[in-house]
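This report concerns only the one structure given below.
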Amino acid sequence: MPVSIGSVVVIGAGIIGVSSALYLKRAGLDVTVIDPLPPGSATSFGNAGMVRHDCNVPVAMPGMLRQVPGWLLNPLGPLVLRPDYALKAAPWLLRWIRAGRMDRVNIAADALYKLHKGNLACYRDLIGDGAFETLIREVGGIQIWESEALGLSDRVTAELNSRQGVVTEPLSRRDLERLLPGISGIAKRGLLYPNNAHTINPHRLVMAIADGVRQAGGVFATERVLKIIPREGGGYTLMTNTANRKADAVVIAAGAWSNQLLEPLGASLPLETERGYHLMLPSPSVELPMPLQMKNRGFALSPMEHGLRLAGTIEIAGLEAAPDERRSEILLRHARALFPDLKGGEPTMWMGHRPSLPDSVPAIGKVPKQRALYIATGHGHTGMIGGGSTGRLIAELVTGNKPQIDPAPYSPARF
């Protein structure tokens, strides 16, 4: 480890930030985590809780261009583009569509698989066996389709799974009825991922890792970083809303807000926020043995510690627009199409900002033309799926230790 790196500030206290912080602290560095909100209170709070280690499929896939118009015209569809944001989002959307070329999908799939395959082991390492067994369920997951026919993306996914050794089991209509009593007739077939896992409480998972940071001597500061200023001779000064802080190295793990800190330094990423929603049912009448995903509707049902979470959809509307509660209500309509007798008590709604790059591969590594400024963002739908392994990789890069996976596919310099 270079002697010059003794202190590091991590900006962001979501799953990426706290995982990075704990691995950096274990490497012997002085670590401060800065976030205006408590750990796990933003995007990491309300996701579907998937922590599957065999996730290998990017969002952009071959044939997607033909589907996008239908999604946008369908008020119940999985993708919404707010008209007043369309012009600003257009460059990112074009890159997103181009990322669906087969050659690019293969590159992205390999990068995702290699990053994610060690994630469960990282979470066990970060929080210990006891907390792992409490918070994480290794019970599998099911994807469901409303059509018997295999689409192009289904065939590509099957090819990727076969190439990378991802274990799946096809499920017939009869299998679905056996595994999921009460399921409606719209579910025609499914695919079981027996090695999948999920957390029953994403917020508690982040908090458990944050507690580990504190116990190891790390510090959390409830502040907002306004600007990162390189210091002559090395290191950085961070101007926050209440203080100036100095560090030898900085890790930006600020999710969809990361460009606000990068751009004054002459750097940026093609980062967009895919706004996602959830509806939490505290007293569900349906008990699921594992999470379900409805592929054509773009949402998931996840059994959680405090009820059933309906999560998903993609809304392209930027960081400032108010939430559209209709997106949460649509999730309940989808869930009741799958389970007509579903009841759940008084639901709660939530919206969060997925930080997404066009190819679905996060940016993890040193910011070009900076001495010791690192970025870890752009995980999109896979923040929980890659949080632990991202933290390990960032710590390896900051300390100069040999990474356990090749960091090149995640380099921010690829853009």
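The values are calculated or read from the model by the stated rules, or taken from the named source; none is laboratory data. Because the structure is predicted, anything quoted here is derived from the model rather than measured. Positions of Cβ are generated from backbone atoms using ideal geometry, with glycine treated the same way; all protein chains shown enter the neighbour counts.
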Can you find a residue in segment 126-137 that is over 30 Å from ARG214 (Cβ atoms) and of a type outside the set (A, V, I, L, M, F, W, C)? no
What is the number of the single condition among (1) over 13 Å from GLY12 (Cβ atoms); (2) in the same structural domain as GLY28 (by TED's automatic domain parsing); (3) surrounded by 18 or more Cβ atoms within 10 Å (Cβ to Cβ) that GLY233 does not meet? (3)
Answer yes or no as to whether ALA321 is part of a loop (DSSP other than H, G, I, E, B) and either under 25 Å from GLY12 (Cα atoms) or of a type outside the set (Gly, Ala, Ser) (or both). yes
So, in segment 56-70, of the ones that are surrounded by 17 or more Cβ atoms within 10 Å (Cβ to Cβ) and assigned to a helix (DSSP H, G or I), which residue ends up farthest from the chain's Cα centre (by Cα)? GLN67
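Go over the candidates PRO264, PRO270 one by one and state the one that is part of a helix (DSSP H, G or I), in contact (Cβ under 8 Å) with a residue 12 or more places away in the chain and more than 30 Å from ARG336 (Cα to Cα). Walk me through it before giving the result.
Working: PRO270 fails: part of a helix (DSSP H, G or I).
Only one candidate passes the filter, namely PRO264.
Let me confirm something: among GLY17, GLY6, which residue is more than 19 Å from the chain's Cα centre (by Cα) and of a type in the set (Gly, Ala, Ser)?
Details: GLY17 fails: more than 19 Å from the chain's Cα centre (by Cα).
Result: GLY6 is the single residue among GLY17, GLY6 that is more than 19 Å from the chain's Cα centre (by Cα) and of a type in the set (Gly, Ala, Ser).
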Among residues of segment 362-389 being touching a His at 6+ places or on another chain (Cβ under 8 Å) and in a helix (DSSP H, G or I), the residue surrounded by the fewest Cβ atoms within 10 Å (Cβ to Cβ) is SER389
When ASN74 is run through (1) farther than 14 Å from HIS379 by Cα; (2) touching a residue at least 40 places away in the same chain (Cβ under 8 Å), the failure sits at (2)
Run down ASP341, ASP406 and say which single residue is out of contact with any Lys or Arg (no Cβ under 7 Å at 6 or more places or on another chain), under 29 Å from ILE142 (Cα atoms), of a type in the set (Asp, Glu) and surrounded by fewer than 19 Cβ atoms within 10 Å (Cβ to Cβ). ASP341
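Rundown of residues vs (1) in a helix (DSSP H, G or I); (2) surrounded by fewer than 18 Cβ atoms within 10 Å (Cβ to Cβ), yes/no style:
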{"site": "LEU332", "(1), (2)": "yes, yes"}
{"site": "GLY345", "(1), (2)": "no, yes"}
{"site": "PRO358", "(1), (2)": "no, no"}
{"site": "GLY391", "(1), (2)": "yes, no"}
{"site": "VAL398", "(1), (2)": "yes, no"}
Would you mind telling me which numbered condition in (1) touching a helix residue (DSSP H, G or I) at 6+ places or on another chain (Cβ under 7 Å); (2) of a type outside the set (Asp, Glu); (3) at pLDDT below 95 ALA395 fails? (3)
Quick one: how many residues across segment 313-346 are of a type outside the set (D, E, K, R) and either in contact with a Phe, Trp or Tyr (Cβ under 9 Å, 6 or more places away or on another chain) or at pLDDT below 95 (or both)? 15
Among all residue pairs at least 6 apart or on different chains, which show Cβ distances below 6 Å where the first residue, located in segment 151-165, is polar (S, T, N, Q) and the second is assigned to a helix (DSSP H, G or I)? GLN164/TYR113
Among helices (runs of 4 or more DSSP H) lying entirely in segment 98-207, which contain 1 or more residues that are of a type in the set (S, T, N, Q) and more than 18 Å from the chain's Cα centre (by Cα)? 102-116, 119-135, 152-164
Filter result for SER19 (in contact (Cβ under 8 Å) with a residue 60 or more places away in the chain, among the hydroxyl-bearing types (Ser, Thr, Tyr), surrounded by fewer than 24 Cβ atoms within 10 Å (Cβ to Cβ) and not in a strand (DSSP E or B)): no
Within segment 30-53, restricting to residues that are over 13 Å from the mean Cα position of the chain (by Cα) and either assigned by TED's automatic domain parsing to the domain that holds ILE314 or buried (at least 24 other Cβ atoms within 10 Å of the Cβ) (or both), the one that is farthest from PRO303 (Cα to Cα) is VAL31
Identify, from the list ILE229, ILE314, the residue that is in contact with a strand residue (DSSP E or B) (Cβ under 9 Å, 6 or more places away or on another chain) and touching a residue at least 24 places away in the same chain (Cβ under 8 Å). ILE314
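For segment 226-261, enumerate the residues that are aliphatic (A, V, I, L, M), in a loop (DSSP other than H, G, I, E, B) and within 30 Å of SER302 (Cβ to Cβ). Talk me through it step by step, then tell me what you get.
Taking segment 226-261 and keeping what is aliphatic (A, V, I, L, M), we get 226, 228-229, 238-239, 243, 247, 249-254, 256, 261.
With in a loop (DSSP other than H, G, I, E, B) added as a condition, the list becomes 243, 253-254.
Correct list: ALA253, ALA254.
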